[in-house]
1. Here is a list of conditions, (1) of a type in the set (Gly, Ala, Ser); (2) touching a residue at least 24 places away in the same chain (Cβ under 8 Å); (3) out of contact with any helix residue (DSSP H, G or I) (no Cβ under 7 Å at 6 or more places or on another chain), and residue 93 meets all of them except one; can you say which number that is?
2. Among 99, 158, which is the only one that is in the same structural domain as residue 212 (by TED's automatic domain parsing) and either of a type in the set (Phe, Trp, Tyr) or under 19 Å from residue 49 (Cβ atoms) (or both)?
3. Is one or more of the residues making up the stretch 18-27 under 18 Å from residue 66 (Cα atoms), assigned by TED's automatic domain parsing to the domain that holds residue 70 and of a type in the set (Lys, Arg)?
4. Restricting the search to the stretch 17-38, which residues are under 23 Å from residue 98 (Cα atoms) and more than 23 Å from the chain's Cα centre (by Cα)?
5. Working only within the stretch 13-52, note down all residues that are assigned to a loop (DSSP other than H, G, I, E, B) and within 26 Å of residue 82 (Cβ to Cβ).
6. Can you name the residue in the stretch 121-136 that is in a helix (DSSP H, G or I) and of a type in the set (A, V, I, L, M, F, W, C) and is also surrounded by the most Cβ atoms within 10 Å (Cβ to Cβ) among such residues?
7. Select from the stretch 54-97 the residues that are within 24 Å of residue 10 (Cα to Cα) and among the acidic types (Asp, Glu) and write down the one among them that is farthest from the chain's Cα centre (by Cα).
8. Within the stretch 56-66, count every residue that is part of a helix (DSSP H, G or I) and either at positive phi or surrounded by fewer than 16 Cβ atoms within 10 Å (Cβ to Cβ) (or both).
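The values are calculated or read from the model by the stated rules, or taken from the named source; none is laboratory data. All values derive from a computational prediction rather than experimental measurement. Positions of Cβ are generated from backbone atoms using ideal geometry, with glycine treated the same way; all protein chains shown enter the neighbour counts.
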Amino acid sequence: MNKQIKKLESVYLEKPQRVFSMYLNTDPSDPDQQGGEWKIHLKNGLNNFESYLQEDGDSDEKRNFWAIKEKVENFVHNNEQNFSKSLVIFATADESVWFAERFQMPVETEFYWEETAKLDQLREMYSNFPKTGIILTQKEAIKVLDTELGTLKDTQLFELDLDTEDWRQHTGPHRAEPSMGSGGKSTKQDQFKERFEANRYRWYKSLAPKLDKLAKDRQWERLYIVGDKEEAKDLNSNMNKEITEVVNKNMLDHEESKVIEEVAAV
């Protein structure tokens, strides 16, 4: 995203070319958006430019705007079922610029048709939520979320093999509890809990270097640990990468979007 912002900063176009910039609040939890009002704001925003250009009389500039308007409307039509809190678009008629992203972060609805891209809100969003790692701990499972601007980029799940005491990257669905076999389940769960508590520090220590490497490879500017207080404490103390904040909540089985919201509110 940092590269994208720098690329957009370098764009300067003179008439009849222009850069279209749009920040659209699509947040369904916003009291002002309960009826999908963003559709009206989008229509009015685009129509206002069209009316202005009709009066201005520059036919080339009007054609350029119409080309962008059609592309924006097509994108919205094809993606509106997947909208989250906001939609940000930068576009030029010659297609040298086309940036269209849906974000989990709120924006104020704004439209611009100028020589340069209006990047203030995007810069502020990136400043508030740069490349960020979120590590969720819950007993023998650790999930890692790779995020940027409140958007999930990738997820990795590590599970501890209790037979070999090795952490394995898990590709199937997460098991909420370790496999106990049939019969005497309660006793086995108690035994697992005792064994886990006795070995937790050592087991987390063995995984910490992998998590440090992930943080380095993904270039996270911030890193959060979310989980039980003692588990988070053990993991934190074994990592070399500085932890931005620890959130003492068990959220490993929660939707990733809810986890990101929780971290964004810290």
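1. Condition (3) is where residue 93 drops out.
2. After applying the criteria, what remains is 158.
3. Within the stretch 18-27, one or more residues are under 18 Å from residue 66 (Cα atoms), assigned by TED's automatic domain parsing to the domain that holds residue 70 and of a type in the set (Lys, Arg).
4. 17, 18, 19, 20
5. Result: 26, 27, 28, 29, 30, 34, 35, 36, 37.
6. 122
7. The extreme case among them is 60.
8. 5
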